[in-house]
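Structure first, then comments.
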Amino acid sequence: MKILEEKILEEGRVYPGNVLKVDSFLNHQIDVSLLDVIGEAFYEKYKDKNITKILTIEASGIAVACSVAKHFNVPVLFAKKSKSLNIGNDVYVSRISSYTYGKEYDATVSMRYLGKDDTVLIVDDFIAIGNAMKGLIEICDQAGANIAGIGICIEKGFQKGGDDIRQMGYDVTSLAIIDEMKDDGTITFRR
């Protein structure tokens with residue numbers, strides 16, 4: 001997606017350790033006009049898949065999921081990274097190792113909101129090594145929910161996450177795939 005790639009080149013910042021900061025427009029401060037274009041792009045790709053839920057993981061994926069859900073006119077469901085007292089014990093749980101934060105956590109989704117009658121579009125802001133996506137897939141499997149596709153704003157194509165999920169048989173749509181990031185800030189997109 002040209003508009004997203006341009007925004008990444010204009011405002012993204014590359015840090016050591018293959019970290020790309022896009023917090024000025026995607027996951028801290030949010031450019032809602034861009035988010036609307038992103039939501040529409042995922043809608044156009046999956047509009048014929050009878051989506052009933054948009055699933056993501058807190059926190060950065062929530063804004064993207066809300067934009068996508070607006071276009072589908074379906075609810076957003078997000079996996080919580082910490083179990084709160086008010087979620088109850090009837091939950092699906094997946095243990096996820098976070099590349100970004102360097103720790104493990106349990107992602108939980110209430111059984112009340114996800115089941116075998118759901119067709120899910122999973123969305124997130126990034127995919128790197130794919131652990132969050134694998135965790136959300138596991139949660140959908142526990143629920144018996146159908147996964148229609150996986151929508152990613154930015155894929156780090158030089159890491160294995162997107163390819164791993166595709167090899168598992170899932171339809172992954174990444175709006176911007178980065179093949180290389182250099183310490184000097186140079187970003188190369190897949191063509």
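Exactly one of these conditions fails for G169: (1) in contact with a strand residue (DSSP E or B) (Cβ under 9 Å, 6 or more places away or on another chain); (2) small (G, A, S); (3) outside any helix (DSSP H, G or I). Give me its number.
Every condition holds for G169 apart from (1).
Is it the case, given these coordinates, that K47 is under 25 Å from K116 (Cβ atoms) and either at pLDDT below 95 or in contact with a Gly (Cβ under 8 Å, 6 or more places away or on another chain) (or both)?
no
Would you say D163 is in a strand (DSSP E or B), charged (D, E, K, R) and on the phi < 0 side of the Ramachandran plot?
no
Is there a residue in the stretch 128-142 that is assigned to a strand (DSSP E or B), at pLDDT 95 or above and either at negative phi or crowded, with 19+ Cβ neighbours inside 10 Å (or both)?
Scanning the stretch 128-142, I find no residue that is assigned to a strand (DSSP E or B), at pLDDT 95 or above and either at negative phi or crowded, with 19+ Cβ neighbours inside 10 Å (or both), so the answer is no.
How do the strands (runs of 3 or more DSSP E) wholly within the stretch 1-109 filter down when requiring 1 or more residues that are in contact with a helix residue (DSSP H, G or I) (Cβ under 8 Å, 6 or more places away or on another chain) and closer than 21 Å to G151 by Cβ: which remain?
Hits in the stretch 1-109: 19-21, 53-57, 76-79, 91-98.
Out of the residues in the stretch 155-167 meeting the condition of being touching a residue at least 12 places away in the same chain (Cβ under 8 Å) and in contact with a Gly (Cβ under 9 Å, 6 or more places away or on another chain), tell me which one is nearest to L35 (Cα to Cα).
E155
The values are calculated or read from the model by the stated rules, or taken from the named source; none is laboratory data. From a predicted model like this one, the values you see are computed outputs, not experimental measurements. Ideal geometry is used to build each Cβ from the backbone, glycine not excepted, and the neighbour counts take in all protein chains shown.
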